[in-house]
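> After the structure tokens below, expect a handful of questions from me.
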Amino acid sequence: MNILIASDSFKDSLSSMQVANSIQKGFSKVFDDAKYQKFFLADGGEGTLESICTQTLNCQEKEIEVLNPIDEKITAKYAFIDKKTAVIEMAQASGLEIVKKEKRDIINSTSFGFGQLIADSINNGAKKLILAIGGSATNDVGIGMLQALGVKFYDKHNEEISATKILTAKDIFKIENFDISALSAFKDIEIVIASDVTNPLCGKNGATHIFGKQKGATSKHIEFLEESIFKFSKICEKKLAKKTKDEQGAGAAGGVGFALNTFLNARFKSGIDTVIKLINFEEKVKNADLIITGEGRVDEQTIYGKTITGVLKLAVKYDKPVIIIAGGLDEGYEKLYAHGATAIFDITPISKPLEDLLKQADENLTATAYSIANMIALGQNKSF
């Protein structure tokens with residue numbers, strides 16, 4: 001039996017690689033003679049760079065010093081997958097997980113470090129950028145990133161506010177004008193935004209209302225940021241003659257999707273579809289007898305461009321059974337059955353505190369995989 005294990009990470013507990021290893025460990029107790037292939041997937045968020053670089057040839061990583069979301073110096077990576085194509089993961093420089101919980105400050109956070117990674121890739125000869133923008137800590141509508149790329153921002157007195165400080169979300173409201181002449185360097189650069197987010201920039205389904213709270217925003221923050229970002233979007237609309245705030249994906253990464261699309265003509269593409277294509281995952285699906293996939297949290301939103309959805313699309317195409325193992329299940333998860341899931345399980349003993357569950361994720365995942373394998377063996381009167 002050929003078993004293909006292809007999972008995303010379980011956020012705050014296990015990486016994609018650790019998830020795959022735990023599942024194999026559980027299954028091997030029953031199917032020790034099966035052939036296992038493991039793929040480490042990501043949908044444009046944390047782990048995307050690792051997923052691509054560990055599973056493609058000729059990936060050349062580069063490491064540089066950048067600023068994290070709260071203006072601290074850190075080391076971050078990006079990679080060239082060929083001489084002209086760079087893959088840049090925003091979470092490396094501007095991610096939520098690289099800022100300690102007690103230091104997270106959405107109003108004073110910036111995407112400047114992400115812009116530094118982009119600028120370095122261009123300086124090193126990149127002609128195509130694949131930008132994975134999930135997992136961000138910021139809600140600055142990309143002004144920090146744009147500042148790092150040379151855009152100048154001015155207030156109502158025509159004073160350059162970007163001349164003496166790194167811009168953060170609290171500075172959005174001050175902006176009345178900008179100079180984008182430095183972006184001429186991007187005239188011949190192809191930019192792809194790899195993201196699973198389809199939200200618009202503003203409104204109840206926009207960047208701030210949907211994602212602000214998980215980044216530490218209070219109700220007052222959300223009100224202030226929403227007003228600031230809407231004002232900025234109208235200035236952009238007037239000055240650049242582009243109506244892009246309602247585009248699907250504009251709300252990704254606290255509005256970085258909007259900035260990339262509006263200022264740099266970047267195009268949106270599904271994060272998981274981008275990763276799947278780069279690592280030649282479809283060929284492995286063709287030859288699998290059983291596919292096992294999963295994510296930390298599986299719910300109704302999973303069907304909208306998450307890792308599992310990408311796996312299910314290919315499984316349906318080649319008529320392959322798929323078992324989903326989740327860290328936890330939430331309302332609407334059962335809708336995945338209509339999208340090709342064969343069976344869905346979670347690993348969470350609900351009687352234990354979350355802190356304990358995160359620490360025991362490997363143990364619980366292995367035990368769940370072992371139970372599933374036993375179930376399959378019990379009813380296995382024919383091979384897959």
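The values are calculated or read from the model by the stated rules, or taken from the named source; none is laboratory data. Fair warning: this is a prediction, and the values are worked out from it, not measured in the lab. FYI the Cβ positions are ideal-geometry reconstructions off the backbone, even for glycines, and counts take in every protein chain you see. Accessible surface areas use protein heavy atoms only, side chains included; no ligands, DNA or RNA. Shrake-Rupley method; radii C 1.70, N 1.55, O 1.52, S 1.80 Å.
> Going by the structure shown, is Ser233 in a helix (DSSP H, G or I), of a type in the set (Gly, Ala, Ser) and either open to solvent by 60 Å² or more (accessible area, probe 1.4 Å) or in contact with a Phe, Trp or Tyr (Cβ under 6 Å, 6 or more places away or on another chain) (or both)?
Here the answer is no, as Ser233 does not meet what is asked.
> Residues that are surrounded by fewer than 22 Cβ atoms within 10 Å (Cβ to Cβ), touching a helix residue (DSSP H, G or I) at 6+ places or on another chain (Cβ under 8 Å) and in a helix (DSSP H, G or I): does the range 61-71 have at least one?
The answer is no, given that none of the residues of the range 61-71 is surrounded by fewer than 22 Cβ atoms within 10 Å (Cβ to Cβ), touching a helix residue (DSSP H, G or I) at 6+ places or on another chain (Cβ under 8 Å) and in a helix (DSSP H, G or I).
> I'd like to check which helices (runs of 4 or more DSSP H) are fully inside the range 88-173 and have at least 1 residues that are out of contact with any Pro (no Cβ under 6 Å at 6 or more places or on another chain) and closer than 17 Å to Cys236 by Cα.
Numbers: elements: 90-94, 112-123, 143-148.
Hits in the range 88-173: 143-148.
> Test Lys306 against the criterion of being among the basic types (Lys, Arg), on the phi < 0 side of the Ramachandran plot, modelled with pLDDT of 90 or more and buried (at least 17 other Cβ atoms within 10 Å of the Cβ), and give yes or no. Break it down into steps so the answer makes sense when it comes.
Working: among the basic types (Lys, Arg): yes; on the phi < 0 side of the Ramachandran plot: yes; modelled with pLDDT of 90 or more: no; buried (at least 17 other Cβ atoms within 10 Å of the Cβ): yes.
No.
> Going residue by residue through the range 239-251, is there one that turns out to be crowded, with 24+ Cβ neighbours inside 10 Å, at pLDDT 95 or above and β-branched (Val, Ile, Thr)?
no
> State yes or no: is Ile81 in contact (Cβ under 8 Å) with a residue 60 or more places away in the chain and touching a Lys or Arg at 6+ places or on another chain (Cβ under 6 Å)?
no
> Which of (1) in contact (Cβ under 8 Å) with a residue 40 or more places away in the chain; (2) in contact with a Lys or Arg (Cβ under 9 Å, 6 or more places away or on another chain) does Gln116 not meet, given it meets every other one?
(2)
> Does Ser15 satisfy the condition of being among the small types (Gly, Ala, Ser), over 25 Å from Thr307 (Cβ atoms) and in contact with a Ser or Thr (Cβ under 6 Å, 6 or more places away or on another chain)?
Details: among the small types (Gly, Ala, Ser): yes; over 25 Å from Thr307 (Cβ atoms): no; in contact with a Ser or Thr (Cβ under 6 Å, 6 or more places away or on another chain): yes.
So Ser15 does not fit the description; no.
> Can you tell me which residue is surrounded by the most Cβ atoms within 10 Å (Cβ to Cβ) among those in the range 119-150 that are out of contact with any helix residue (DSSP H, G or I) (no Cβ under 7 Å at 6 or more places or on another chain) and free of Cβ contacts under 8 Å to residues at least 60 places away in the same chain?
The selected residue is Ser121.
> May I pose another question? I'm checking my understanding of the structure. Among residues of the range 182-214 that are touching a Lys or Arg at 6+ places or on another chain (Cβ under 8 Å) and part of a loop (DSSP other than H, G, I, E, B), which one is least open to solvent (accessible area, probe 1.4 Å)?
Leu201
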